[in-house]
1. What FRET efficiency comes out for the pair A149/R62, r = Cβ-Cβ distance, R0 = 51 Å, nearest 0.05?
2. Along segment 122-135, what does the Karplus equation 6.51 cos²θ - 1.76 cosθ + 1.60 (θ = phi - 60°) give for ³J(HN,Hα), rounded to whole Hz, x for Gly and Pro?
3. Past the 22 angstrom mark, what percentage of all C-alpha to C-alpha distances in segment 85-182 do you count?
4. How much length is gained on full extension from E18 to T204, taking 0.36 nm per residue of separation minus their Cα-Cα distance?
5. Hey, any idea what the orientation-averaged projected area of the convex hull of segment 3-124's Cα atoms comes to, in nm²?
6. Just from its helices, what would the mean residue ellipticity at 222 nm be for the chain, if runs of 4 or more DSSP H residues each count -39500 (n - 2.57) and the sum is divided by every residue, rounded to the nearest 500 deg cm²/dmol?
7. Determine, for each peptide in 147-156, 209-218, 79-88, the mean count of other beta carbons within 10 angstrom over its residues, then list the peptides with the highest first.
8. Could you tell me the distance between the Cα centroids of segment 59-74 and segment 85-110, to the nearest Å?
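Readers should treat all values here as calculations from the given coordinates under stated rules, not as data from a laboratory. Just so you know, these numbers come straight off a predicted model, no measurement behind them. Please note: Cβ atoms are built from the backbone with ideal geometry, for glycine as well, and neighbour counts cover all protein chains shown.
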Amino acid sequence: MGYILCQVKRAKIPYYIENISMNIYSIEELCYYMYHNIYLLDETIINEGLCFWLRDELNLRRLYQKLFTQLDAGGPIGDFILPIFKEINYLSFAEFKEMNKQLKVFEEQPMVVRLKMKGDYLFNHEKYINAIRVYTEALQKSKGSNLGAQFTGSIYNNMGCAYAKLFQTEESFECFGHAYEILHSGASLRSYLFAAYFNKGKDTYERLCEEQGVDAQTKQAMDAQIRKAQEVVLPKDIDPLLDTWTRNYHRNTGL
């Protein structure tokens with residue numbers, strides 16, 4: 001894929017992409033987003049609002065008509081986004097073919113699996129609040145699925161990780177607790193115990209380690225990790241660091 005110069009005018013009013021809390025101003029930016037965020041192509045962007053924005057802000061009336069026809073047909077995602085890429089020849093045929101192949105694999109998954117994949121994608125891109133929202137929806141839908149307890153446990157585990165990234169220790173502790181109840185794995189136990197330390201304190205951590213029969217070698221390694229996590233050395237001039245942390249927090253949470 002080569003570098004694409006802006007071929008269509010930029011919008012005065014941007015299109016807001018809820019999943020990643022971002023405004024886009026051109027069809028090039030829209031194509032870039034869709035190409036690099038396959039797992040986020042859902043009803044939050046494939047809807048009438050996008051069609052109206054392309055018509056009213058970018059003056060792409062023929063494209064608007066094509067997309068509206070595809071919306072009415074209710075076909076695959078690839079059929080909807082193809083005209084957008086074709087409008088500016090953003091992708092080569094081979095690139096679109098490969099993207100469409102990935103989309104088909106994604107669409108063939110059960111809805112709850114697609115939700116988890118979407119949550120994982122948002123988590124990996126540091127959109128933790130949106131990831132938690134998607135994981136919550138996935139948990140609700142997993143109750144009626146036949147995917148098994150291991151799948152549910154993995155959602156709880158990943159949600160616990162998202163809460164931990166936001167320093168919401170109580171919610172993290174609760175999620176890791178559910179994950180360990182289901183998974184009973186060494187990794188889920190360690191996550192649960194770490195969360196216990198940072199939410200409930202050292203005494204609870206020590207008690208749970210004893211109750212769960214954590215061996216001496218594992219306990220020693222966990223204690224070392226906790227000490228390392230607490231060894232934060234702040235610079236003398238902390239203001240720039242605080243500014244960076246604040247920007248990152250707003251970027252990752254959308255708040």
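1. Working: r = 51 Å, r/R0 = 0.99.
Result of the calculation: an efficiency of 0.50.
2. 5, 4, 5, 9, 6, 9, 5, 5, 5, 4, 4, 4, 5, 4
3. Numbers: 1861 of 4753 pairs.
Everything past 22 Å amounts to 39 percent.
4. Numbers: separation 186, 0.36 × 186 = 66.96 nm, distance 3.93 nm.
Here the segment from E18 to T204 would lengthen by 63.0 nm.
5. Values: hull surface 29.8 nm².
Projected over every direction and averaged, the Cα hull of segment 3-124 covers 7.4 nm².
6. On the way: 13 runs with 174 residues, N = 255.
That comes out to -22000 deg cm²/dmol.
7. Values: 147-156: 17.0, 209-218: 11.4, 79-88: 18.9.
Result, highest mean first: 79-88, 147-156, 209-218.
8. With segment 59-74 and segment 85-110 each reduced to a Cα centre, they are spaced 18 Å.
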